[in-house]
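Data first, discussion second: the structure below is written as structure tokens.
The values are calculated or read from the model by the stated rules, or taken from the named source; none is laboratory data. Values in this document were obtained by computation on a predicted structure and should not be read as measured data. Because the Cβ atoms are built from the backbone with ideal geometry, glycine has one as well, and the counts that use them run over all protein chains shown. Just the protein is used for accessible areas: all its heavy atoms, side chains included, with ligands, DNA and RNA removed. Shrake-Rupley method; radii C 1.70, N 1.55, O 1.52, S 1.80 Å.
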Amino acid sequence: MSLPETVSPFEAEVRELSRSFTDAVATKLEDFLSAKNDEVSSITTSAAEIVNAIRTLTQGGKRLRPLFAYWGFLGAGGPKDSADVIQLGAALELFQAAALIHDDIIDNSDTRRGRPSVHKHFEAQHQSLGLSGSAANYGMASAILTGDLCLSLSEELFASIPGVDAATRTIFNRMRTQVMAGQYLDVLEESAGPAYDPAEAVKRARTIVRYKSAKYSTENPVLLGGALARGNESLLESYSAFALPLGEAFQLRDDVLGVFGDPEITGKPAGDDLREGKRTELIAHALLLTSPEERDFIQNRLGAPDLSDAEVQKLSEILQASGALQETERSISELTSQSLRALDAIEAHCLALAGMKFLSDAVTKRSK
């Protein structure tokens with residue numbers, strides 16, 4: 001993770017606690033998945049490959065969701081070295097991994113974090129072993145099962161946290177429902193395409209951002225940490241006011257990087273979101289700001305199976321020249337400012353607030 005430059009005057013302690021916590025989450029994941037590998041291997045060693053795929057995927061990433069849970073936990077008075085919040089962090093990592101596996105299948109993405117996506121990994125395995133039938137179908141089927149197992153393991157870890165009460169359980173359950181609903185809305189938006197009114201495109205794109213990504217990336221993790229430490233309702237409301245706009249800014253930055261990011265840094269091909277036909281806020285703004293000819297080009301070519309490199313470049317240029325990129329950057333700035341104002345209103349220990357500011361910088365000042 002690219003660390004922000006300053007978190008004064010608690011910078012050293014925030015960095016050390018964050019590193020120590022993410023190391024503990026990594027250890028928890030490794031121990032848990034090793035045990036699951038043994039369990040699955042007792043059925044047949046061949047089946048252990050689905051656990052190995054989860055292990056590989058969860059070895060990367062920024063650990064942002066566990067960190068939001070951690071600082072929310074400390075802000076509500078939880079102890080720094082709690083085993084419960086470490087387990088919560090590991091459960092969140094497994095939940096995210098499940099979402100990524102299924103998202104890559106839906107989007108037909110070839111890469112994830114600079115490696116082959118899980119369905120592509122299994123497709124390559126099919127080819128290397130000389131198996132019969134369709135390698136692509138084998139890859140997708142294996143990845144679906146891997147994602148399902150990952151989701152199940154996330155629930156198993158969460159349910160075995162000794163400190164979970166009804167309020168914390170409700171947040172976790174709601175988070176899963178929101179992500180699935182948001183993912184469906186994303187699929188629906190891409191499929192509807194030109195059939196939907198462009199005038200409502202920005203509103204629809206922001207709804208997808210909120211429920212598919214923002215709530216489970218920032219808001220629900222910090223709420224889970226706060227609830228696990230028995231934070232009161234007022235504190236949790238102030239957490240939401242801080243984390244939800246931050247999560248939306250985080251996803252909008254992701255959308256910008258999905259078109260304009262450096263592949264060497266993001267681990268994704270340039271313009272990947274355009275090839276996948278993602279109807280992001282960038283696209284929504286463009287539909288309102290472009291000429292009729294440019295709008296028709298976007299509607300007809302975005303996500304086309306035969307989209308050429310030249311057309312990807314043309315779409316990127318339209319997004320810049322029309323002001324769509326500028327409007328999206330303005331939204332990111334407004335959401336970030338809203339989040340920081342809400343952070344100032346949270347009544348918690350200064351160390352926890354510094355940790356949240358640290359995360360705010362990590363989320364908004366990034367290149368991948």
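The condition (being over 18 Å from the mean Cα position of the chain (by Cα) and in contact (Cβ under 8 Å) with a residue 12 or more places away in the chain) is satisfied by just one residue among Asp262, Asp255: Asp262.
Residue check: Glu219 meets all listed conditions (1) surrounded by 21 or more Cβ atoms within 10 Å (Cβ to Cβ); (2) in contact (Cβ under 8 Å) with a residue 40 or more places away in the chain but one, namely (2). Quick check, is Gly193 of a type in the set (Gly, Ala, Ser) and not in a helix (DSSP H, G or I)? So Gly193 fails the test. Applying the criterion of at least 3 residues that are among the hydroxyl-bearing types (Ser, Thr, Tyr) to the helices (runs of 4 or more DSSP H) found wholly in the range 224-340 leaves 233-260.
Taken over the range 330-345, the criterion of being buried (at least 18 other Cβ atoms within 10 Å of the Cβ) and not polar (S, T, N, Q) is satisfied by Ile332, Leu335, Ala342, Leu343. The single condition among (1) crowded, with 23+ Cβ neighbours inside 10 Å; (2) among the β-branched types (Val, Ile, Thr); (3) over 19 Å from Ser217 (Cβ atoms) that Val25 does not satisfy is (3).
Looking at this structure, is Thr170 in contact with a helix residue (DSSP H, G or I) (Cβ under 9 Å, 6 or more places away or on another chain), at pLDDT 95 or above, closer than 20 Å to Ala99 by Cα and open to solvent by 30 Å² or more (accessible area, probe 1.4 Å)? For Thr170, the condition - in contact with a helix residue (DSSP H, G or I) (Cβ under 9 Å, 6 or more places away or on another chain), at pLDDT 95 or above, closer than 20 Å to Ala99 by Cα and open to solvent by 30 Å² or more (accessible area, probe 1.4 Å) - is met.
Restricting Leu131, Leu145, Leu149 to residues that are open to solvent by 40 Å² or more (accessible area, probe 1.4 Å) and part of a loop (DSSP other than H, G, I, E, B) narrows the list to Leu131.
Considering Phe95, Phe73, Phe32, the condition of being touching a Pro at 6+ places or on another chain (Cβ under 9 Å), surrounded by 17 or more Cβ atoms within 10 Å (Cβ to Cβ) and either of a type outside the set (A, V, I, L, M) or free of Cβ contacts under 8 Å to residues at least 12 places away in the same chain (or both) is satisfied by Phe73 alone.
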